[in-house]
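Accompanying notes for the structure given below.
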Amino acid sequence: MKSKIRPIVFWPSFIILIAAVIFSLVNLETFSSTLSKVTVWSMGFFGAGYELLTVIMMFVCIAVFLMPFGRVRIGGGQAQAPYGLFSYFTMCLAMTVATGILFWGALEPIFHVTQPPASYGITPGSPESAVFAMSTIFLHWTFTPYAIYGVPTVLFAFVYYNMKKSFTVSSMLSPILGDKTEGRIGQIVDSIIVLAMVCGVATTLGVGTMMITGGLRTVFGIPSNIWIWLCVCGGIVLAFVISAIAGISDGLKHLAKFNFFIFLFLLGWVIVFGSALYCINLGLEGFGDFLGNFFQKNFFTGAAAGDQWPVWWTIWYYAIWMAWAPVSAVFLGRISYGYKVRTVIGINVFVSALFSVIWFTFFSGTAIHMEIVQQLGLGQVLATQGNEMVTYAFFGGLPLGKLISGVFVITAFITFVAGADAMCATLAGLSTYGISPDNPESSRSLKIIWGVVLGAVAWITMSFAGLDGLKALSNLGGIPTLLLLVPVTWALIKVAANPFKYDTFKEDYDVYGQPKREIVNPLAEAAASTSAEAASTNN
């Protein structure tokens with residue numbers, strides 16, 4: 001089937017982005033000033049909303065996991081998952097925050113140890129700062145961010161496959177708005193979300209480019225400047241566009257698996273040659289502090305003391321994840337066919353979060369040990385050489401530092417390609433009519449166009465506004481998605497309370513309207529999924 005552009009979705013967002021790029025080149029000072037002012041205003045106005053909604057989404061994920069709705073199979077009772085559990089998990093990980101854990105794993109704890117919130121009265125470099133850093137890392141990178149992805153992922157998967165609605169972000173509102181999402185209202189919603197998504201993806205692409213150029217400087221002595229950034233950013237764009245054109249089965253699935261094994265290698269290296277015992281003990285202490293102060297940390301706005309720390313950390317994180325969430329959900333929901341809702345939540349929220357807990361326990365714990373106990377000066381590197389150099393100074397404190405830094409550069413490249421690959425394909429799909437389970441790929445030209453736009457926005461922002469500019473860009477992307485995710489969360493609550501009302505597979509429910517129970521061996525189910533994937537690959 002030949003695809004056709006959805007004009008209301010594609011053209012407004014495309015024109016606004018091109019206009020913004022041109023404006024930034026013509027009048028950079030005004031562009032940067034405007035971006036900064038809008039960011040400060042939006043974070044002050046919407047900051048508490050980000051925090052409150054995130055916590056609500058966390059508890060909704062737990063409820064959905066435990067409710068009878070968790071027994072519902074995406075695509076109906078007879079649906080067979082095309083991807084085995086391992087492939088599914090690695091793709092979900094690559095799609096969500098795997099890109100961030102590379103950049104921030106060793107960097108963020110150094111920020112928190114050396115620059116804790118002024119209103120907390122914590123002495124920089126103290127034991128208290130170490131515990132604060134670890135507990136904050138767990139707040140920012142484990143269960144809460146994955147819950148932001150989990151809610152729209154489950155809802156889109158159910159709406160697309162079980163309610164048989166269109167391949168659009170706006171279709172997630174159909175449990176509330178009904179068929180109105182199929183018309184102009186739906187296209188307007190999709191257009192706004194596409195614009196927000198570009199801001200979020202461009203931010204991540206910019207951060208990845210800075211990380212890779214820092215590695216090239218460490219390993220090969222190549223200076224880090226805007227022209228090197230342009231070359232690296234261009235290389236990432238070229239790679240993820242080619243992968244997106246190849247399709248999910250031939251592109252992202254293999255990238256995600258390879259990427260995960262390198263993750264395990266890097267994690268193993270840090271565990272063996274780092275400060276494992278210190279990390280385990282500090283990790284337990286930090287995780288206990290995170291759980292004990294869960295609500296206090298999540299709802300810290302800094303308003304009472306006039307502290308801007310939450311704006312540039314917790315609220316910023318929630319904003320960027322919300323900017324990613326709707327379109328990420330479209331991709332994650334698309335690959336969730338054949339799995340039960342409980343499995344989708346389990347993999348996307350709990351298993352992925354557990355991987356992050358392990359990763360940050362050892363990466364962040366070792367970085368804190370280097371800074372406070374070994375006094376290797378990672379904080380000084382941060383202050384004098386820039387954010388992107390901290391990770392390579394971290395690896396420099398371990399055996400074969402340059403070699404492992406080279407492996408890390410390759411990992412960073414593959415990770416960012418894998419994540420941007422999925423986003424590029426999804427942006428193109430949302431801009432197109434005719435996407436369906438039988439015709440899942442959009443045109444190559446749209447994938448190329450969105451790849452170039454993403455690269456241009458990322459390079460210009462990081463070159464002329466730096467990391468703060470990238471943060472500001474992501475904050476802008478988070479505003480419209482915050483407003484969307486409120487009704488999306490409510491829509492999932494409605495569906496979970498009465499799935500029989502919305503599901504087209506009525507035969508999967510008993511006489512009381514409850515999802516039927518299946519007596520299935522989970523190991524046998526996983527084996528069946530793996531066999532189906534192998535058969536699909538061979539064909």
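Quick notes on this one:
- Scan of the stretch 200-232 for residues that are farther than 24 Å from PHE394 by Cα and surrounded by 24 or more Cβ atoms within 10 Å (Cβ to Cβ), ordered by number: GLY200, VAL201, ALA202
- Test for MET197: is it closer than 25 Å to THR366 by Cα, touching a residue at least 40 places away in the same chain (Cβ under 8 Å) and buried (at least 24 other Cβ atoms within 10 Å of the Cβ): no
- Of all residues in the stretch 377-397, those satisfying the criterion of being at negative phi and surrounded by fewer than 17 Cβ atoms within 10 Å (Cβ to Cβ) are GLN380, ALA383, THR384, GLN385.
- Scanning the stretch 138-161 turns up no residue that is over 30 Å from LEU107 (Cβ atoms), of a type in the set (S, T, N, Q), touching a residue at least 12 places away in the same chain (Cβ under 8 Å) and part of a helix (DSSP H, G or I).
- Lone unmet requirement of (1) surrounded by fewer than 21 Cβ atoms within 10 Å (Cβ to Cβ); (2) closer than 30 Å to ARG73 by Cβ; (3) over 16 Å from the mean Cα position of the chain (by Cα); (4) among the aromatic types (Phe, Trp, Tyr) for TRP312: (2)
- The set of residues from the stretch 398-421 being free of Cβ contacts under 8 Å to residues at least 24 places away in the same chain and among the polar types (S, T, N, Q) is empty.
- Contact map, the stretch 354-376: first residue farther than 16 Å from TYR392 by Cβ and in contact (Cβ under 8 Å) with a residue 40 or more places away in the chain, second residue assigned to a helix (DSSP H, G or I) and hydroxyl-bearing (Ser, Thr, Tyr), Cβ cut-off under 6 Å, separation 6 or more or different chains; pairs are HIS369/TYR278.
- Here PHE295, PHE261, PHE265, PHE290 are screened, and the one residue that is free of Cβ contacts under 8 Å to residues at least 40 places away in the same chain and either in a helix (DSSP H, G or I) or of a type in the set (D, E, K, R) (or both) is PHE261.
- The numbered conditions (1) surrounded by fewer than 17 Cβ atoms within 10 Å (Cβ to Cβ); (2) assigned to a helix (DSSP H, G or I); (3) among the small types (Gly, Ala, Ser) are all true for ALA239 except (1).
- The listed residue being farther than 18 Å from VAL407 by Cβ, of a type in the set (Ser, Thr, Tyr) and part of a helix (DSSP H, G or I), out of THR204, THR218, THR213: THR204
- Within the stretch 333-348, the set of residues being part of a helix (DSSP H, G or I) and surrounded by fewer than 24 Cβ atoms within 10 Å (Cβ to Cβ) comprises ARG334, ARG342, THR343, GLY346, ILE347.
- Only helices (runs of 4 or more DSSP H) whose full extent lies in the stretch 432-539 are considered here, and the ones with at least 1 residues that are over 24 Å from PHE59 (Cβ atoms), acidic (Asp, Glu) and modelled with pLDDT under 90 are 444-497, 522-538.
- Residue count for the stretch 47-78, restricted to those that are assigned to a helix (DSSP H, G or I) and either at positive phi or within 20 Å of the chain's Cα centre (by Cα) (or both): 15
The values are calculated or read from the model by the stated rules, or taken from the named source; none is laboratory data. None of the values given here were measured: they were computed from a predicted structure. Here the Cβ is made from the backbone with ideal geometry for all residues, glycine too, and neighbour counts use every protein chain on show.
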